[in-house]
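This report refers to the structure that appears directly beneath it.
Values quoted throughout were computed directly from the atomic coordinates according to the rules given, and no laboratory measurement underlies them. All values derive from a computational prediction rather than experimental measurement. Glycine also receives a Cβ, built like all others from the backbone with ideal geometry; neighbour counts cover every protein chain displayed.
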Amino acid sequence: MKRLLLILFMLLQFPLSFGSNQTEEPSSQKIIGTWYADRNRNTKWVFTQDRKIYNYDKDVFKVMYGYTISHRCQNNSNDTTEFLTFMDRDGNEFCFRINGINENKNGILSLTKLDNGETLLFVNNLNVTTGR
């Protein structure tokens, strides 16, 4: 009987240890796809797996940047904050603080432009509303 209780106890512990080790998808994966500007749904950013972002207005291509996601951008560095950095062909960098990417599957990308403090909201589906 003691042996049966021990086996039962061990079986109950097994799923708990695996369930607690689940990790959230990294930002570099969550950002991939098409994001529409909340204030102007004709503007869209398309993030690709090969670290490029394509900007479109009314489905007309405007510009392409390389991008990275890390804990630093220019003079900004923080171990708990992620930054999105765009790089143009001339080596200029444009920095954004990532506020959230599809948190709780809400379909919203929230960024803060570091040069002016402006918050930018994007949605990954034209039917998503941000409450603004």
For this session: Beta carbons within 10 angstrom, averaged per residue: use that to sort the peptides 39-47, 108-116, highest first.
Result: 108-116, 39-47
For this session: Work through the residues other than His71 whose Cβ is under 12 Å from its Cβ and net out their charges, Lys, Arg +1 and Asp, Glu -1.
Result: 0
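Quick one: net charge of Asn104's neighbours, Cβ under 14 Å, K/R +1, D/E -1?
Details: positive: Lys30, Lys105; negative: Glu24, Glu25, Glu103.
Spelling it out: positives minus negatives among the neighbours equals -1.
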For this session: Using Cα positions and a limit of under 20 Å, work out the lysines in reach of Lys113, with same-chain residues fewer than 8 apart set aside.
Result: Lys30, Lys44, Lys52, Lys62
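Is the C-alpha gyration tensor of segment 28-132 telling us rounded, prolate or oblate? Criteria: a/c under 1.5 is rounded; beyond that, a/b larger than b/c is prolate, otherwise oblate. Kindly include the intermediate steps, with their values, before the conclusion.
Details: a/c = 1.63, a/b = 1.19, b/c = 1.36.
In terms of gyration-tensor shape, oblate.
Expressed in nm to one decimal, what extension gain is obtained for the pair Thr112 and Thr34 from 0.36 nm per residue of sequence separation less their Cα-Cα distance?
Values: separation 78, 0.36 × 78 = 28.08 nm, distance 1.84 nm.
Using 0.36 nm per residue and subtracting the Cα-Cα distance, I get 26.2 nm.
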